[in-house]
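Below is one structure, written out as structure tokens; the observations come after it.
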């Protein structure tokens, strides 16, 4: 029995040592990658991992349940700083909401209207025909409230952001059936939201001095413009309550809001893919008919 306990303790000690060594090696690798990125001004430090999205591929479709969860994350977290000025409330019917639900949802917001008969602007409850309002009256106010950097509008964020995958992968991505990778934006958003961490020791500046995170910024190796950004970690576990039993984790929140932002940027994605597939089928049949016609016209026939 004593030997068994000793063996278990020995194995546990070895396991802990391996885990510590592995963590130290990962930290050292990240420091080296960060130093290289800073020296070459080439970001992000780490490229986002490709996630599994329901809308990926030539036959992909949006998961309406996920889109509804993403809308909830946007409303309760992101909308405090980010606008979505190109998205109207009435398009939320595409997420599976009824007309009455959309009316009730839009009425929770206020929009500026006018001028009235006295020439003054006034606020009123939003209607389904209105767009998501901005949390700030103008760009300057948004920048002043966020340390000089105005939060970007999220309407097209999932299409505007992304990281090039490099050669030869980007060539494969251009082939519709084989590749057709168009999920770089959601992958980047998910990686950014889940990538906040303490900077590892050993990061160097271009002059060889030790790197320190600038005051008021937060280290994130997935940020596409620098090693740190001004946006603080926006979300934490159990911050948003889901009604469908989905995990209330940062990873799940990030996936859901990334999927929702993809829909906001490309609401007609499913229709586009269906149309593209029909066009490909037509071209295949048309090519086959042309080939058979050519073969018949130029065939050696007895007269």
query = Looking at (1) outside any helix (DSSP H, G or I); (2) within 21 Å of residue 254 (Cα to Cα), can you tell me which one residue 66 breaks?
reply = (1)
query = Quick one: how many residues across the range 71-96 are out of contact with any strand residue (DSSP E or B) (no Cβ under 8 Å at 6 or more places or on another chain), crowded, with 18+ Cβ neighbours inside 10 Å and assigned to a loop (DSSP other than H, G, I, E, B)?
reply = 4
request  = For residue 154, work out the one condition from (1) within 17 Å of residue 76 (Cα to Cα); (2) out of contact with any helix residue (DSSP H, G or I) (no Cβ under 9 Å at 6 or more places or on another chain) it doesn't fulfil.
outcome  = (2)
request  = Give just the number: which of (1) without any contact (Cβ under 8 Å) to a residue 40 or more places away in the chain; (2) closer than 30 Å to residue 191 by Cβ does residue 291 not satisfy?
outcome  = (2)
message = Given the criterion part of a loop (DSSP other than H, G, I, E, B), touching a strand residue (DSSP E or B) at 6+ places or on another chain (Cβ under 6 Å) and at negative phi, identify the matching residue among 237, 246, 232.
response = 232
inquiry  = Residue under question is residue 39, and the condition is that it be assigned by TED's automatic domain parsing to the domain that holds residue 187, farther than 22 Å from residue 152 by Cα, touching a residue at least 60 places away in the same chain (Cβ under 8 Å) and surrounded by 14 or more Cβ atoms within 10 Å (Cβ to Cβ); does it hold?
reply    = no
task = Could you pull out the residue among 165, 124 that is in contact (Cβ under 8 Å) with a residue 12 or more places away in the chain and either exposed (fewer than 11 other Cβ atoms within 10 Å of the Cβ) or assigned to a strand (DSSP E or B) (or both)?
result = 124
request  = Would you be able to say whether some residue in the range 167-186 is modelled with pLDDT of 95 or more and in contact with a helix residue (DSSP H, G or I) (Cβ under 8 Å, 6 or more places away or on another chain)?
outcome  = yes
query = If you go through the range 189-228, how many residues are touching a helix residue (DSSP H, G or I) at 6+ places or on another chain (Cβ under 8 Å) and not in a helix (DSSP H, G or I)?
reply = 15
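The values are calculated or read from the model by the stated rules, or taken from the named source; none is laboratory data. Keep in mind that what you see is a predicted model, and the values were worked out from it rather than measured. In this analysis, Cβ positions are derived from the backbone assuming ideal geometry, glycine residues included, and neighbour counts consider all displayed protein chains.
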